[in-house]
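Have a look at the structure below before the remarks.
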Amino acid sequence: MDHQKDTQSNLENVKNEQLEQFRADHKNTKLTTNQGVTVSDTENSLKAGERGPTIMEDFHFREKMMHFDHERIPERVVHARGFGVHGHFQVYESMKKYTKAKFLQDPSVKTPVFVRFSTVVGSRGSADTVRDVRGFATKFFTEDGNYDLVGNNMPVFFIQDGIKFPDLVHAIKPEPDNEIPQASAAHDTFWDFVVNNTETAHMIMWLLSDRGIPRSFRMMEGFGVHTFRFVNEQGKGTFVKFHWKPKLGVHSLTWDEAQKIAGKDPDFHRRDLWDAVNQTMFPEFELGVQLLAEEDEFKFNFDILDATKIWPEELIPVKIIGKMTLDRNQDNFFAETEQVAFHTGNVVPGIDFTNDPLLQGRLFSYQDTQLLRLGGPNFHEIPINRPIAPIHNNQRDGFHRMTIDKGKVSYHRNSLQQNSPTPDPVNGYTHYTEKVEGYKIRNRSDSFNDHYTQATLFWNSMSETEKKHIIKAFHFEVGNVKNKTIKQKVVEMFNNVDGELATQIAQGIGVQPPATPKQPTVKASSPALSQMQTIKSAQSRKVAILANDGFNLNELIQLQSALKSAGVQSDIISKYLGTIKSTDGQEVEVNKNYATAHSVMYDAVCVVGGQQSVNELMNLFEAKSFINDAFVHLKPIAAINEGVDLLSNTEIKNIHLATGQEGQDQSIEDKGIVTVRNTTDLTTFNEKFIQAVASHRHWIREEQDGKISG
Ligand code: HDD
């Protein structure tokens, strides 16, 4: 028993050890062909004479070129751009009452996981920060086999039935005649789809909200979207919806920032995740479940099988049941992120499906798509996809078969092998015995017909700031549509969500406001939908420190050490790379210059004092534009002593800045401008700055100073 316990708790390492068998380290080795023959020269092909033609018998040349020519596989038809990371999951308390899923029983068991975050629409090489849904797919390597929770960062979906997925994707992907635009929904075919398929209304509200432009993969929620089913030992089912809740809270970029980052650092999100894990700032997500007794299936004004609906958390609370920690970067992007194959149909005993028609469609699509992408039916043998549970069956052969199946028997039932491998009716997966009866019809239940109630609920739940962002997002997305009729139809469609919203959309896109703006009948709101009340933390945020030769070393040291103890990262940014000298001649390494860094890559900025340093910054256009952008993007901005003078030379000049003692006008700090003069002890200043960093954005600036962040 103890031994069993031991192996269970160490499950975490089992996947890693399995992967280890396939890892190759080529350091200090001799170059060989794929046949293991040592190569003498890989720079010159074999030729007939020094200036003659290449000879066919050059097997090394042919093998090297053949392999290279076939290095690419088809990208995923959706979610092509993604990034993976390893980790583990632990349940807080046994969920035995609801499910027999092994990985949800014992809090001491660490179940290995591999997570792939992704965007949906763009190609593999597209930018990370585009407006889009983010994929959040988790593979749990459990003792009972692989369980895949293939979710998104939004809890609803565009369509209600899987059969419409190809239509949706054709509409949102670049238009087929010219393959424009890349990684964007801002074009005619998508909005034509929207207005002709009004079940999209709720999802559009999410997509055009700040959720569409997350600050980090580490700062977004994840949702299983569908209603799934937990099944316990007694065979009793409970409806369940899955949630991932980030410990760092839910935070977003501003639109202007997202667009700029797409150019400055298209790898912004993957870099952020990779760096955080390398620096042991391990992202954590709590797993939450909404549970609904089967008897209560019809108690709501929405159909629980409709994937365009949420279960408002105020109606059905989210119970937090465990935590996932992402703590190990992949070794090889292609082998792991590119070859991982998720499938909604990968479930373990204790987790089952429902009749949600979107889920039913997915159950076919995922396995099917891997056949093309991964070239045959043996993709489960690729190291990243292998379960840690043993595999025994009569499936054989096919492209790239790795397993050497011994013996003559590959059929069931048999006597030559005592009928093994043997099905296990007791412990094997048994599908939930739901009673299903009906006529074969192509139809949709009337209970799926309400397309607007929850879209309005979402709108009602937004803060004024969030509402402004949604309207601006409509102006951009629909503003890029060329066809006026489609634009007008967008206004008419969203008049069903809220008349004021529709009127404001119309204003920005050059069409008529609705003739009769509708007063929404839905008055309810769900506070959990707004990002305003989310967790605020300075942990792992990034601060840019601006300094040049002649900076104040004492200030820099105090600032850096306070940031470090608060878990905040910082970079020194200067005119040139290399080192800068303090007033007392100490040299400090510069991390970035203005060519390699921009304020959009940081969460906050601080100017340290030192007259000579600040004088130089005053004459540096890039330094001022760095601060101006941080200001427009509502980020915390701080300055120490002479550094405050630089702020007076930027957009911030209109805000009254510290002129004398510490502890100035509170309203300035509310606006995220933290300054201090005439002091050498920065303790209080540092505390205030770190608090400002934790608050993420200072929306009040947007409201009061008209600095709309985009
Ligand atoms: Fe899907 C990939 C999430 C609806 C068909 N989907 C894919 C990935 C995620 C999702 C996260 C990327 C997995 C990875 O990282 O490799 N998809 C969703 C969610 C949906 C959804 C949350 C709605 C609730 N998907 C959906 C439908 C269909 C598909 C309705 C088809 C009927 N999805 C696919 C696919 C993909 C895919 C074509 C492309 C690559 C892959 O599967 O492995 O099969």
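Is it true that PHE190 is over 24 Å from SER526 (Cα atoms) and outside any strand (DSSP E or B)? Judged against the criteria, PHE190 is a match. Working only within segment 131-177, note down all residues that are free of Cβ contacts under 8 Å to residues at least 24 places away in the same chain and part of a helix (DSSP H, G or I). PRO166, HIS170, ALA171, listed by residue number. Looking across VAL511, VAL497, VAL543, VAL491, one residue alone is modelled with pLDDT of 95 or more and assigned to a helix (DSSP H, G or I). It is VAL491.
Scanning segment 468-488 for residues that are assigned to a helix (DSSP H, G or I) and open to solvent by less than 40 Å² (accessible area, probe 1.4 Å) returns HIS469, ILE470, ILE471, ALA473, PHE474, GLU477, VAL478, GLY479, ILE486, LYS487.
For segment 225-234, filtering for residues that are hydrophobic (A, V, I, L, M, F, W, C) and away from the ligand (no atom under 16 Å from the Cβ) leaves 2.
For segment 386-432, residues that are hydrophobic (A, V, I, L, M, F, W, C) and closer than 30 Å to GLY235 by Cβ total 4. Check whether at least one residue in segment 104-121 is surrounded by 23 or more Cβ atoms within 10 Å (Cβ to Cβ), touching a residue at least 60 places away in the same chain (Cβ under 8 Å) and more than 30 Å from GLN18 (Cβ to Cβ), and report yes or no. The answer is yes, given that some residue of segment 104-121 is surrounded by 23 or more Cβ atoms within 10 Å (Cβ to Cβ), touching a residue at least 60 places away in the same chain (Cβ under 8 Å) and more than 30 Å from GLN18 (Cβ to Cβ). Every condition in (1) assigned by TED's automatic domain parsing to the domain that holds THR238; (2) outside any loop (DSSP other than H, G, I, E, B) holds for ARG62 except the one numbered (1). Cβ separations smaller than 8 Å between residues 6+ apart or across chains give the following pairs from segment 342-353 residues that are more than 15 Å from the ligand (Cβ to nearest atom) to residues that are open to solvent by less than 20 Å² (accessible area, probe 1.4 Å) and in a loop (DSSP other than H, G, I, E, B): VAL348/ALA101; PRO349/ALA101; GLY350/THR99; GLY350/ALA101; GLY350/ASN232; ILE351/THR99; ILE351/ALA101.
Of all the criteria given as (1) of a type in the set (A, V, I, L, M, F, W, C); (2) not in a loop (DSSP other than H, G, I, E, B); (3) not assigned by TED's automatic domain parsing to the domain that holds LYS236, the one not satisfied by ILE388 is (2). Put simply, of SER447, SER410, SER420 the only residue that is outside the structural domain of GLU313 (by TED's automatic domain parsing), assigned to a helix (DSSP H, G or I) and either closer than 30 Å to GLN160 by Cα or not acidic (Asp, Glu) (or both) is SER447. Only one of these is within 15 Å of the ligand (Cβ to nearest atom) and under 26 Å from LEU358 (Cβ atoms): GLY288, GLY222, GLY237. Name it. GLY222 is the lone residue from the list that is within 15 Å of the ligand (Cβ to nearest atom) and under 26 Å from LEU358 (Cβ atoms). Residues that are open to solvent by 80 Å² or more (accessible area, probe 1.4 Å), at positive phi and at pLDDT 95 or above do not occur anywhere in segment 76-95. From the set of residues in segment 355-385 that are near the ligand (Cβ under 9 Å from one of its atoms) and of a type in the set (Asp, Glu), which is surrounded by the fewest Cβ atoms within 10 Å (Cβ to Cβ)? Checking each candidate, the answer is ASP368. Mind checking whether some residue in segment 82-91 is of a type outside the set (Gly, Ala, Ser) and part of a loop (DSSP other than H, G, I, E, B)? Within segment 82-91 (the criterion being of a type outside the set (Gly, Ala, Ser) and part of a loop (DSSP other than H, G, I, E, B)), the answer is no, since none of the residues qualifies.
State the number of residues belonging to segment 408-458 that are among the β-branched types (Val, Ile, Thr) and closer than 30 Å to PHE494 by Cβ.
Final tally of qualifying residues: 2.
Being more than 16 Å from the ligand (Cβ to nearest atom) and open to solvent by less than 40 Å² (accessible area, probe 1.4 Å), is that true of even one residue in segment 133-145? Within segment 133-145, one or more residues are more than 16 Å from the ligand (Cβ to nearest atom) and open to solvent by less than 40 Å² (accessible area, probe 1.4 Å). Here LEU46 meets each of (1) farther than 27 Å from HIS226 by Cβ; (2) within 12 Å of the ligand (Cβ to nearest atom) with one exception, condition (2).
Of all the listed residues (LYS542, LYS564, LYS536), the sole one being charged (D, E, K, R) and closer than 21 Å to LYS260 by Cα is LYS542.
Yes or no, residue by residue, for (1) over 26 Å from the mean Cα position of the chain (by Cα); (2) among the aromatic types (Phe, Trp, Tyr):
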site	(1), (2)
ILE351	no, no
PHE364	no, yes
GLN370	no, no
ILE382	no, no
ILE391	yes, no
THR403	yes, no
HIS412	yes, no
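Here GLY508 meets each of (1) surrounded by 17 or more Cβ atoms within 10 Å (Cβ to Cβ); (2) touching a Phe, Trp or Tyr at 6+ places or on another chain (Cβ under 8 Å) with one exception, condition (1).
Among the residues of segment 152-207, those that are within 9 Å of the ligand (Cβ to nearest atom) and charged (D, E, K, R) comprise ASP161, LYS164. Scanning segment 308-321 for residues that are buried (at least 18 other Cβ atoms within 10 Å of the Cβ) and either under 16 Å from LEU457 (Cα atoms) or of a type in the set (Phe, Trp, Tyr) (or both) yields a count of 6.
Set side by side, the residues VAL130, VAL120 differ, and just one is more than 13 Å from the ligand (Cβ to nearest atom), farther than 30 Å from GLY237 by Cα and either in contact with a helix residue (DSSP H, G or I) (Cβ under 9 Å, 6 or more places away or on another chain) or modelled with pLDDT of 95 or more (or both), which is VAL130.
Number of residues in segment 210-269 that are open to solvent by 10 Å² or more (accessible area, probe 1.4 Å), under 23 Å from VAL91 (Cβ atoms) and among the charged types (D, E, K, R) equals 6. Contact map, segment 58-80: first residue more than 16 Å from the ligand (Cβ to nearest atom), second residue at pLDDT 95 or above and outside any loop (DSSP other than H, G, I, E, B), Cβ cut-off under 7 Å, separation 6 or more or different chains; pairs are PHE61/THR54. Number of residues in segment 539-558 that are more than 20 Å from ALA597 (Cα to Cα) and open to solvent by less than 10 Å² (accessible area, probe 1.4 Å) equals 2. Has segment 374-393 got any residue that is over 30 Å from ALA524 (Cβ atoms), basic (Lys, Arg) and free of Cβ contacts under 8 Å to residues at least 40 places away in the same chain? Checking segment 374-393: not a single residue is over 30 Å from ALA524 (Cβ atoms), basic (Lys, Arg) and free of Cβ contacts under 8 Å to residues at least 40 places away in the same chain.
The values are calculated or read from the model by the stated rules, or taken from the named source; none is laboratory data. Note that the structure is predicted; figures quoted are calculated from it, not measured. Quick reminder, even Gly has a Cβ in these numbers, built from the backbone with ideal geometry, and neighbours come from all protein chains shown. For the accessible areas, the whole protein counts, side chains as well, though only heavy atoms, and no ligand, DNA or RNA atoms are used. Shrake-Rupley method; radii C 1.70, N 1.55, O 1.52, S 1.80 Å.
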